[in-house]
Every structure is written in C-alpha cells, then in structure tokens.
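The values are calculated or read from the model by the stated rules, or taken from the named source; none is laboratory data. As the structure is a prediction and not an experimental result, all values here were calculated from the model. Neighbour counts run over all protein chains shown; Cβ positions are idealised from the backbone, glycine included. For accessibility, only protein heavy atoms count, side chains too; no ligands or nucleic acids. Shrake-Rupley method; radii C 1.70, N 1.55, O 1.52, S 1.80 Å.
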Amino acid sequence: MTRTHSITLAASFDELAGARRELAAFIGSALCDIDRSRTVLAVDEALSNVIEHGYRGSDGEISVKMEEDDSAFIITIEDGAPPFDPLSRAPIDIDARLDEGADGGMGVEVLRRLTDARYERNEQGGNRLILRKEKLHEKENL
C-alpha cells in the first residue's frame, strides 16, 4: 500500500508551521512519537535551508511530496532555487560545535542523522532532496 500527500508552500518562514502540522498529521501514529518528531524536525531543517540559503529572501515555491509505503516514509522536497547539494559538505561533529557555543550550521548533519537523505538536481531546474525514514519496530526506536 502506498499513500501520498503533497503540499506547496511559499519560500517563507511563515509557512513552516503549516508544513510541520501537515507532515505530523500525515505520519500520524505510523511512527512512534520520537521518530515522528525527528522526521518533522529533519523536514523543517531542510525547508528552512531552502528558504534561507536557496531563495535568500526572494520569492519562490517549495513542493513537498509525502509518501508512505509498507516500510518507510519518503519526503521529497523540490525547489527552483539555484542548484546546490547540501549533502556534498563533509559531516561535522555536532557535539564539538555545541561545545564551541555554535548556534547554527548543523542542519545538514541533522538530516544525515535522522533520515536517509539523498540529493538530486531537478530536471526542470533547482533541487530535489529526498528524505527517507524507515519504519522500525518499537524496540529498535529506543
């Protein structure tokens, strides 16, 4: 069984709360509370990066396609911002960054840790980020 839901949002931070609600509702109880929250956080980080670093305050749209199959949730984020692969950056040590007092620059590492993230250039221009969150048995989530 595959289930899908899509939304389109303006490249504005004002749109993020609605996107978080839509995704949390789509996931529902199919993931434990922790994994649902982590997945929503990862998508929020990805959308924030597109708004801040991709569109840089200019107008634009972001499409979010949510899919659920028997084994995972797949969230595909597409935008028309200049091409940029955030996953091409080397992984960082979040603990060390926090110890140094950093308060930003960790979003890509959050994506890597919380989901299986993959980047593609969008054939129509722009970017496509695919975040996959496996459905695990409750004992594996702890």
**Asked** Between residue 122 and residues 5 or more places away or on another chain, which pairs have amide H atoms under 5 Å apart, with H built 1.01 Å from N, and which residues are they?
**Response** 127, 128
**Complete:** residue 30 and residue 5 label points (each 7 Å along its Cα→Cβ direction) are spaced in nm at 1.0
**Fill in**
Phi-derived 3J(HN,Hα) across the range 19-33 with the Karplus relation (6.51, -1.76, 1.60, θ = phi - 60°), rounded Hz, x for Gly and Pro, is 5, 4, 4, 4, 5, 4, 5, 5, 5, x, 9, 5, 10, 5, 4
**the chain, relative contact order in percent, only Cα pairs under 8 angstrom and at least six apart counted** = 29
**Item:** Mean projected area in nm² (Cα convex hull; one quarter of hull surface) for the range 38-94
**Value:** 5.0
**Prompt:** Counting only protein heavy atoms and using a 1.4 Å probe, what share of the accessible area of the chain belongs to carbon plus sulfur, as a whole percent?
**Reply:** 48
